[in-house]
Amino acid sequence: MARGRRLKTEPPSDRKPPGAGKYYMISVVANNYGIHPQTLRLYEREGLLKPSRTEGNTRLYSEDDLRQLEVILNLTRDLGVNLAGVEIVLNMRRKMEQMQAEVNEFVAWVTQELVRANQEGWQERFQRALVKLGTKRVR
């Protein structure tokens, strides 16, 4: 087996197969964004981009990959962030998006529970559940 080559029978590691949507080859992406293809390979090697691959191992960049590339280029070109900083920013963004999804899920659950409680007459149940206290003070 040649150096750096995988056997065809070996399953690819955590790479998603191309699905519906537009995909672009590395030369097209490099040309459109004014960067060298080697830069895209570096971003992939550093874990900043994860393009899909064809059976022939050709990189295919999806619309999501291009959005990620635009963020990377904005951070590096416009803001002067190095690749280590880009990795930190991207990880923070990913975590923030995950937390936002969790908050949205919780808000949806609370809303659903409030609607259900309102339909079941929660006000009456709440009034019956209250225990009235006398006016005596305990010392």
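Since every read-out is calculated from the coordinates, none of them should be taken as a lab result. Keep in mind the model is a prediction, meaning the values are calculated, not measured. Here the Cβ positions follow ideal geometry from the backbone for every residue, glycine too, while neighbour counts run over all protein chains shown.
Things to note:
- Gain in span if fully extended, Glu124 to Leu79, counting 0.36 nm per residue against the direct Cα distance: 10.3 nm
- The H on the amide N of Leu49, modeled in the peptide plane, is under 5 Å from the matching H of Glu44, each at least 5 residues off or on a different chain.
- FRET efficiency for Val89 and Glu113, using Cβ-Cβ distance with R0 set to 41 Å, rounded to 0.05: 0.70
- In terms of the mean number of neighbouring beta-carbon atoms within 10 Å, the peptides 37-43, 73-79 order highest first as 37-43, 73-79.
- Around Val81: net Lys/Arg minus Asp/Glu count, Cβ-Cβ under 15 Å: -2
- Dipole check for segment 23-95: with +1 at the C-beta of Lys and Arg, -1 at the C-beta of Asp and Glu, and the Cα centre as origin, the magnitude is about 160 Debye.
- Distance from segment 105-126 to segment 44-68 (C-alpha centre basis), Å: 45
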